[in-house]
Amino acid sequence: MTPRPDGGTAGRSHDPTGTLPAAVLWDMDGTLVDTEPSWMAAEAALVGEHGGEWTEHDALQMIGLPLPAAAKILQGHGVDLPVEVITERLVDGVSEAISRHVEWQPGALELLVALRHAGVPCALVTMSYRRLAATVVAAAPQGSFAAVVTGDEVTFGKPHPEPYLRAAQMLGVDVRECVAIEDSPPGIGSALAAGASTLGVEHIAPVVAAPGLSRVGSLAEIDLGDLARIASGEVIDLLVRSGA
Ligand SMILES: [Mg+2]
């Protein structure tokens with residue numbers, strides 16, 4: 001557990017069971033698993049094959065976007081292929097990487113296990129496609145996810161609220177009583193627009209302060225008591241000290 005900016009653990013609930021969120025709604029890429037390097041490698045390979053240049057700045061703009069939107073950006077960088085072909089190529093690249101090894105983000109598995117023990121249902125809410133999400137769900141502790149919403153199965157992707165609203169509906173809970181965990185601007189936008197209490201975990205893209213948005217540098221800094229506080233409307237901001 002990382003020390004808090006206030007130097008203590010005051011306010012931490014030791015018996016959070018009464019105020020736990022109705023559900024926790026998890027983004028996948030960058031939040032639950034460290035797949036962003038695989039996405040970036042797949043993007044760079046495609047652009048490189050078509051004679052273009054792909055910078056880290058370009059890759060940052062892609063994080064959290066629905067795949068068709070990401071494909072259009074790649075077309076703008078010279079990838080002369082249909083959107084569906086580009087999305088399949090990206091998914092193939094990441095699928096190959098995670099079939100070899102799923103890299104969990106720090107603290108993610110511990111939090112999943114704690115939520116399961118506490119009886120809090122979880123949903124995976126991702127703009128990745130079903131076959132990638134299925135690989136991650138299969139690698140997670142059994143029974144971790146009671147619902148999965150994927151980018152190929154929604155009408156409107158993040159930052160539209162549909163994915164988070166759909167997840168809450170599938171779990172039969174009020175989205176306003178849920179905590180959503182996200183790492184990207186489109187994902188945070190989607191979760192806030194849906195009405196979920198939202199926790200931004202800074203990974204590759206900066207998590208910019210926003211009204212009602214809790215922020216941490218890692219899930220390893222968060223426990224069930226913190227999720228209960230966030231669900232009850234409190235904003236926990238552990239990035240504020242660095243002036244982020
Ligand atoms: Mg993400």
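Readers should treat all values here as calculations from the given coordinates under stated rules, not as data from a laboratory. This is a predicted model, so every value here is computed, not measured. Quick reminder, even Gly has a Cβ in these numbers, built from the backbone with ideal geometry, and neighbours come from all protein chains shown.
Please tell me the relative contact order of the chain in percent, rounded to the nearest whole number, where contacts are Cα pairs under 8 Å and at least six residues apart.
Reported relative contact order: 26 percent.
Which of the listed residues, VAL83, GLY157, ALA168, is farthest toward the dipole's positive end in the chain, when Lys, Arg count +1 and Asp, Glu count -1 at the beta-carbon?
ALA168
For SER218, SER128, SER99, what ranking results if the residue with the fewest other Cβ atoms within 10 Å of its Cβ goes first?
SER99, SER218, SER128
Report, in degrees rounded to the nearest 10, the 0 to 90 angle that the Cα long axis of helix 130-139 makes with the longest principal axis of the chain.
That works out to roughly 50 degrees.
Per residue of region 46-51, what does 6.51 cos²θ - 1.76 cosθ + 1.60 with θ = phi - 60° give for ³J(HN,Hα)? Whole Hz please, x for Gly and Pro, Karplus curve as stated.
My calculation for region 46-51 gives 5, 5, x, 4, 9, x Hz in order.
With θ set to phi - 60°, apply the Karplus curve 6.51 cos²θ - 1.76 cosθ + 1.60 along region 106-115 and write out the HN-Hα couplings as whole Hz, x wherever there is a Gly or Pro.
Each residue's phi maps through the Karplus curve to give x, x, 5, 5, 4, 5, 4, 5, 5, 5 Hz.
Sort the following peptides by mean Cβ neighbour count (other Cβ atoms within 10 Å, averaged over residues), highest first: 167-180, 132-145.
167-180, 132-145
By per-residue mean of other Cβ atoms within 10 Å, what is the highest-first order of 223-231, 26-34?
Descending mean neighbour count gives 26-34, 223-231.
Quick one: grab the alpha carbon gyration tensor of region 111-238, order the square roots of its eigenvalues as a ≥ b ≥ c, and give me rounded if a/c is under 1.5, else prolate or oblate depending on whether a/b is larger than b/c.
Because its axes are fairly even, with a/c under 1.5, region 111-238 counts as rounded.
What's the extension gain from THR19 to GLU153 if we count 0.36 nm per residue and subtract their Cα-Cα distance?
Residue separation times 0.36 nm, minus the Cα-Cα distance, leaves 45.1 nm.
How far is helix 162-171 tilted off the main Cα axis of the chain, in degrees rounded to 10, range 0 to 90?
The angle comes out at about 50 degrees.
Stretch ALA139-GLU162 to full length: gain in nm at 0.36 nm per residue minus the Cα-Cα span?
Working it through step by step, the gained length comes to 5.7 nm.
Based only on the alpha carbon positions, what is the Kirkwood hydrodynamic radius of region 42-161, in angstrom?
About 15.7 Å, per the Kirkwood formula over Cα pairs.
Grab the DSSP H runs of the chain that are 4 residues or longer, score each as -39,500 (n - 2.57), total them, divide by all residues and round the 222 nm result to the nearest 500 deg cm²/dmol.
Taken over the chain, the calculation gives -12000 deg cm²/dmol.
Using 0.36 nm times the number of residues separating GLU56 and ALA114, minus their current alpha carbon distance, what extension gain do you get?
Gain on extension, GLU56 to ALA114, equals 17.4 nm.
Can you list residues whose amide H is under 5 Å from VAL149's amide H, if they're 5+ apart or on another chain and H is modeled 1.01 Å from N?
So VAL149 has HN proximity to LEU124, VAL125, THR126.
Per residue, how big is the convex hull of the chain when only Cα atoms are used? Give it in Å³.
112
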